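Here's the structure, in structure tokens; my notes come after.
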Amino acid sequence: MQAPARHSPNPIEFVRAIWGLAGTCTPLPGDVDENWRLDTATGSFALKIASKESSLARLAAEARVQATLHEEGWPVPGPCAVPAGRGHGRYVAPAEHRPTGGWARLSTWVPGTPWSETPEPGERFGRVLGRFLARLDRELDAFEEPELEATHAWDLLSADAALESLEAIHDAARRARVERWLAAFVEHELPSLRARRLHLVHNDANDHNVLVEDGAIGGLLDFGDMLSTVRVAEPAIAAAYLAQRSREPVGDARALLAAYEEEYPLHPEERVTFVACLRARLMQTVITAAARAAQRDDAYASVHAAPAWDVLDRWETSGWERLAEELRAR
């Protein structure tokens, strides 16, 4: 997928001024932020320049979590410290002259093959991913970051906000089906989920953020959607992306959840919402893509829309019922 044109001009002079590094910068795909790969004589790095609307306190909290995980050996980007007097806090530097704003962070480069570039995943990969995310979520329980408690558009607990953008879906039959399903989620699942204890989760284990090495999880990128929410969101969101690339999505989603719960069981009241949460994430994806397409040409936002629609269409009735039935029988 091509990186958005908004990545010009090249930020190498900015990187040299703040971190004292010289090399070449290559643009990477991104949602609302600028993302670059920096290659130097001593190694590679990832540069993220957040939009000016981003919260400085939130960006600093994300960096603190990533730094701790990286130091403990987790395969995640490790933020690079900003020299004294050049930044805001330890890891964030101002980048007001950039097209997007804003605030910049430089992190270590995590090598690996994006999950999106690997063969069809299957049940084995579902189990590997489920175990990895469960162990990560146990680790994230140790963090107390008030700045990460605020909801945002990709929080499943805020899925009702997507109802406001339904008109962006032009296909009347699809729009009606999504409206019916989403309204049911808001009425039947959201009240009980909002009463559950919240946990810090990554919240975006998609096929571009998960790196694969020799059949194992080699890395996890992009903590920009991390927040405190219901823990079932973590396996449900991962299963939503797994279903988009799978020949046997029901079995693979079941395997992912089973492996997750072997490591870190869900409360029964959350487990019974797994299928509804998986579907809610797919609906957030297609509604958001449609809404953004109506405003601008946004290839990045639409990258998951077609496969998400494919799952929603193929699973119109039987798929959801079969998955829910098999999970109830566990």
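The values are calculated or read from the model by the stated rules, or taken from the named source; none is laboratory data. Because the structure is a prediction, the values reported are computed rather than measured. A quick note on method: Cβ atoms are made from the backbone with ideal geometry, for glycine too, and the neighbour counts reach across all protein chains shown.
See the values below:
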quantity	calculated
Verdict on PRO27 being touching a helix residue (DSSP H, G or I) at 6+ places or on another chain (Cβ under 8 Å), surrounded by fewer than 15 Cβ atoms within 10 Å (Cβ to Cβ), farther than 17 Å from GLY219 by Cα and not acidic (Asp, Glu)	no
The range 36-55, subset under 25 Å from GLU139 (Cβ atoms) and outside any loop (DSSP other than H, G, I, E, B), residue modelled with the lowest pLDDT	ALA50
Candidates LEU182, LEU190, LEU198, LEU166 - the one that is touching a strand residue (DSSP E or B) at 6+ places or on another chain (Cβ under 9 Å) and not β-branched (Val, Ile, Thr)	LEU198
Candidate set: the range 56-65, residues that are in contact with a helix residue (DSSP H, G or I) (Cβ under 7 Å, 6 or more places away or on another chain) and among the aliphatic types (A, V, I, L, M); chosen: the one modelled with the lowest pLDDT	ALA57
Hey, ALA150 modelled with pLDDT of 95 or more, assigned to a loop (DSSP other than H, G, I, E, B), loosely packed, with under 15 Cβ neighbours inside 10 Å and on the phi < 0 side of the Ramachandran plot or not	no
Residue in the range 226-243 that is part of a helix (DSSP H, G or I), surrounded by fewer than 24 Cβ atoms within 10 Å (Cβ to Cβ) and touching an Asp or Glu at 6+ places or on another chain (Cβ under 8 Å) present	no
Qualifying residue in the range 67-76 (condition: in contact with a strand residue (DSSP E or B) (Cβ under 7 Å, 6 or more places away or on another chain), at pLDDT 95 or above and part of a loop (DSSP other than H, G, I, E, B))	yes
